[in-house]
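One structure is given below, encoded as structure tokens.
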Amino acid sequence: MNPIVGDIPTLSPPRASNLRDRIAPIIKGDVLDDIATIKKYSRDTSIFERSPAVVVFPKDAEDVSSLVRFVHDLARAGERASIAPRSAGTDMTGGPLTDSISLVFTKYMNHMLDVGPGYAIAEPGVYYRDFERETLARSGSLLPSYPASRQLCAIGGIVANNAGGELTLRYGKTDRYVRELEVVLSDGSRAVLKPLNADELSQKQEQGDFEGEIYRKVHTLVAENADAIGSARPTVTKNSAGYALWDVLDKERGTFDLTKLITGSQGTLAIITKANLATVKTKAHRAMLVVFLTDIQILPDIVHRVLTCDPESFESYDDQTFKLAVRFIPQIIAQFGVLQMLKLAFAFLPEMWLVATGVVPKLVLMAEFAEDSADEALEHARDARASIAGFAVRTKIAKTETQAAKYWTIRRESFSLLRKNMHGLYAAPFIDDIVVHPDNYPQFLPELNALLREHHLLYTIAGHIGDANFHIIPLMNLANEEARREILELAPKVYRLAAKYKGSITGEHNDGIVRTPYLSIMYGENICTLFAEVKKIFDPLNILNPGKKVGGTIRDIETSMIRNRT
Ligand SMILES: Cc1cc2nc3c(=O)[nH]c(=O)nc-3n(C[C@H](O)[C@H](O)[C@H](O)COP(=O)(O)OP(=O)(O)OC[C@H]3O[C@@H](n4cnc5c(N)ncnc54)[C@H](O)[C@@H]3O)c2cc1C
């Protein structure tokens, strides 16, 4: 179902041609359509591939504005073109993929603009690794919603996906840290979005321009559908599915905040050209409780008890991930300096022994406690260990960050390892990010396992166990039609299961091509119609990343799936 298509003529307008020659004169940055560039930007880390017609590297926000104005005018003249913003391209959903214009920020729009106490202002193309280096050096703080891809991804994608990660358990997701966004709207105009009080909102609504119209229409939509929107809010701790309509109006603070819609909107409502983000000082000392679990039945109890001890993060990985990591230890440790390499190699000896003797735990849980002193952190880890005494589990306390490093390395590297090493098989994220409330584990997990068994898949599970957010990554040969059909069969079953427990079909990775057609499973048709209305308010000509969040079809999934491994 595609609610927005109802307003668009069924006969597609002709696709705009010769885009490079028409865009180059209006852009200071680069406009390329050579084969190597097209190939490079035809993939992200999802199961999809789409070749852009042209790739644009803007120099500044004015370039972005010129490009959007150009595409807006094309669409009004009846030619079909659209823009998919792209930061580092590590998206797992096909979010930045397009067959039209790929707008890439990492080449030029990659400047840190300001760092102060508790905030940092950056262009969308700043890699997170550079952002964090600067914020730590200049304010001793960081953006705690960084994803596991922290070494690879960039600020634009972090905001546009509403990313979360290992610290989300304590600190929440990116939406909590967005103070202000500078954006280009779908008519090419520029706007600054931030929380507004009642007076500021009235002033905005009085504006006679497109921004004013957006404020008027979104305000009406949110007010008229307040009850439906309120009850659609997912009850889980993390959610990136759909548009966060329930967060726009904050009755307690008396604010109206459109950044709540842009954050997590995957470039479908506006293009972010500058982000002002809050940063926090995390605690200085850490100790980790590692739990080796062989009996999955006791998982819910273990999770519950450990959570009461307030870990900063609570992560996990399964036996398949464990075995994979041991198999590729040389590759993992090769990324580090010689000293760290030797330390890690030595630290991994017990894991190698476990694999050699066939006694691999079903699940490894890592609960890390962060406090102001090393003693306090250790005390919390010990309390957590005491809270699960009596259960049939092996535990270990890593007292220092060096001792915890190998567990973090396995957890953080798991998806990259799968992507690099499984020749002939593709790490296929399509049920990669479901979330349910931990209370539902006892019913949910057996049902999930039964579904996965039915499909005889080879898969790994890692994830944010404290947030009940599971990253299930099957390994598949996408060249095989059977495998592609399996994806289409299994995905809705898993999403229905997550919906049955009032969970989310995506906690952090977002919708993209892979989940947009299934949003109605989670939210129902009424809320999806509201999403389509939001899209139409912000982007009436459907030129910003069409088919993501609204209007995506199962056919899009079928036709965009990668067919070969190269
Ligand atoms: C190994 C690995 C681990 C991962 N772990 C996590 C995790 O723990 N948590 C998590 O949330 N995600 C995770 N991801 C997914 C992804 O890395 C993150 O969501 C990341 O924040 C995306 O950033 P990016 O710069 O690569 O974005 P891109 O892939 O470039 O884009 C992501 C989306 O944002 C849109 N976008 C990009 N720039 C802009 C802009 N300027 N304006 C508007 N829209 C824009 C794109 O169109 C796209 O829809 C992981 C991916 C990998 C490969």
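Things to note:
- For the listed peptides 256-263, 556-563, a ranking on the average number of other beta carbons within 10 Å per residue, highest first, reads 256-263, 556-563.
- Spatially proximal aspartates and glutamates relative to Lys28 (Cα-Cα < 12 Å; intrachain offsets below 8 disregarded): Asp60, Glu62, Asp63
- Peptides 94-101, 139-146, 379-386, ordered by how many other C-beta atoms sit within 10 Å of their residues on average, highest first, read 94-101, 139-146, 379-386.
- Against the empirical curve 2.2 N^0.38 Å, the C-alpha radius of gyration of the range 240-295 lands at a ratio of 1.79.
- Relative to the globular-protein estimate of 2.2 N^0.38 Å, the Cα radius of gyration of the range 134-250 stands at 1.22.
- Share of carbon and sulfur in the accessible area of the range 80-235 stands at 46%, probe radius 1.4 Å.
- For the range 520-565: span of alpha carbons on each principal axis (Å, largest first): 39, 26, 13
- Take the Kirkwood radius over Cα pairs of the range 77-150, plug it into Stokes-Einstein at 4 °C and 1.567 mPa s, and you get 93 µm²/s for translational diffusion.
- Solvent exposure, largest accessible area first (probe 1.4 Å, DNA, RNA and ligands not counted), of Glu371, Glu224, Glu312: Glu224, Glu371, Glu312
- Cubic angstrom per residue, convex hull over Cα atoms of the chain: 152 Å³
- Counting only DSSP H runs of at least 4 residues, each contributing -39500 (n - 2.57), and dividing by the residue count of the chain, the helix-based mean residue ellipticity at 222 nm comes to -11500 deg cm²/dmol.
- Debye, to nearest 20: dipole size of the range 64-172, +1 on Lys, Arg Cβ, -1 on Asp, Glu Cβ: 20 debye
- Peptide ranges 180-188, 122-130 listed from the most packed, as the mean C-beta count within 10 angstrom indicates: 122-130, 180-188
- Partners for Lys39 among aspartates and glutamates (Cα-Cα distance below 16 Å; same-chain residues under 8 apart left out): Glu49, Asp99
- Per residue, the accessible area of the chain comes to 40 Å², computed with a 1.4 Å probe over protein heavy atoms only.
- Of interest is the spacing of the C-alpha centroids, which for the range 40-60 and the range 162-234 amounts to 27 Å.
- The range 464-566: Cα Rg divided by the 2.2 N^0.38 Å rule of thumb: 1.17
- Cα-Cα over 20 Å, subset of Lys238/Lys281; Lys173/Lys260; Lys217/Lys260; Lys323/Lys420; Lys194/Lys217; Lys260/Lys548: Lys238/Lys281
The values are calculated or read from the model by the stated rules, or taken from the named source; none is laboratory data. As the structure is a computational prediction, the values presented were derived from the model and not from experiment. We place every Cβ from the backbone using ideal geometry, glycine too, and count neighbours over all the protein chains shown. These area figures cover heavy atoms from the full protein model, side chains too; ligands, DNA and RNA do not enter into them. Shrake-Rupley method; radii C 1.70, N 1.55, O 1.52, S 1.80 Å.
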